[in-house]
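*Asks:* Could you have a look at this structure, given as structure tokens, before my questions?
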Amino acid sequence: MGIGNGPLSILLASGSPRRRALLADLDWRFEWTAPRVDESPLPGEAPEALCERLARLKAEAPEVGEGVLVLAADTIVVVDGRVLGKPADLGESRNMLARLQGRRHEVLTGVALRWSGRMASAVERTEVCFRPLTPGEVAAYAATGEGMDKAGSYAIQGRGALLVSGIDGDYFNVVGLPLCRLGMLLESVGLSLERLWSRL
């Protein structure tokens, strides 16, 4: 099925302001919604499988008309094989940061696209290294509240950048939406970039 000639309708199935900002930086016109899905891991589910499954669930959740491109994503932080989600309170935020300080961890983002009866998904992986932090530095950053709605309890695009000594992989993945992977997924559902840009 072709993409037609009119403007492409895009729905971001995510409540994340970081993802909205990234799409706005691409000069995309889009609407957004925050689908409610059960984010509990299945018994024995690997982190990579978890974030991809959640991204697909979020992409499938909205009821949309024919020809609407639905984009969803789910980001998790993994250290020692353990998934770190969003902290429930300030104490958990401090504990997460203390666990991450002075060492490497992985950020995984599952991305899913739904368009014209097709679904495509993939997982992007980025390795992040934190510099060593004192307990006072951990407490001070946690107290800013910046990480309270973010996996791993930090924001690399904000004050949390002062904690990160290096990354290996896609920076935008750590923010919450791997843009290069998104471009490849668009191709896989039949939306080549040259055709997509002519519709935005």
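Any read-out appearing in this document is the output of simple, stated calculations on the displayed coordinates, not a laboratory observation. Since this is a predicted model, take the numbers as computed values, not measurements. Every residue, glycine among them, receives a Cβ derived from its backbone with ideal geometry; neighbour counts consider all protein chains shown.
*Asks:* For the peptides 33-45, 17-29, what is the packing order when you average, over each peptide's residues, the other Cβ atoms within 10 Å and list the highest mean first?
*Replies:* 17-29, 33-45
*Asks:* Can you list residues whose amide H is under 5 Å from residue 84's amide H, if they're 5+ apart or on another chain and H is modeled 1.01 Å from N?
*Replies:* For residue 84, whose amide H was placed from the backbone, the distant partners under 5 Å are 77, 78, 79.
*Asks:* Neighbour counts of other C-beta atoms within 10 Å: give me 187, 146, 63 arranged from fewest to most.
*Replies:* Exposure proxy ranking, most exposed first: 63, 187, 146.
*Asks:* Right, next: HN-Hα J couplings of the range 136-146 from phi, Karplus 6.51/-1.76/1.60, θ = phi - 60°, integer Hz, Gly and Pro as x?
*Replies:* For the range 136-146, the Karplus curve yields x, 5, 4, 5, 5, 5, 4, 5, 5, x, 4 Hz.
*Asks:* While we're on this one: Starting from the amide H of residue 68, placed 1.01 Å from N in the peptide plane, find each other amide H under 5 Å away whose residue is 5 or more places distant or on another chain.
*Replies:* For residue 68, whose amide H was placed from the backbone, the distant partners under 5 Å are 116.
*Asks:* Step through the residues of the range 71-80 one at a time and calculate ³J(HN,Hα) from phi using the Karplus curve (6.51 cos²θ - 1.76 cosθ + 1.60, θ = phi - 60°), rounding each to whole Hz and writing x for Gly and Pro.
*Replies:* 10, 9, 8, 9, 10, 9, 10, 10, 9, 6
*Asks:* Helix 90-100 versus the longest principal axis of the chain: what angle, 0 to 90°, nearest 10, using Cα atoms?
*Replies:* Tilt relative to the chain: about 90 degrees.
*Asks:* In whole Hz, what ³J(HN,Hα) sequence does the range 179-184 give by Karplus (6.51, -1.76, 1.60; θ = phi - 60°), x for Gly and Pro?
*Replies:* Coupling constants for the range 179-184: 6, 5, 4, 4, x, 5 Hz.
*Asks:* What value, in deg cm²/dmol to 500, does the helix sum -39500 (n - 2.57) over DSSP H runs of n ≥ 4 give at 222 nm once divided by the residues of the chain?
*Replies:* Value at 222 nm, helices only, nearest 500: -9000 deg cm²/dmol.
*Asks:* Give me the one-decimal nm value for the distance between modelled label points at residue 199 and residue 134, 7 Å along each residue's Cα-to-Cβ direction.
*Replies:* 5.5
*Asks:* Then there is this: Taking the Cα atoms only, what angle lies between the long axis of helix 47-60 and the longest principal axis of the chain, rounded to 10 degrees?
*Replies:* 40
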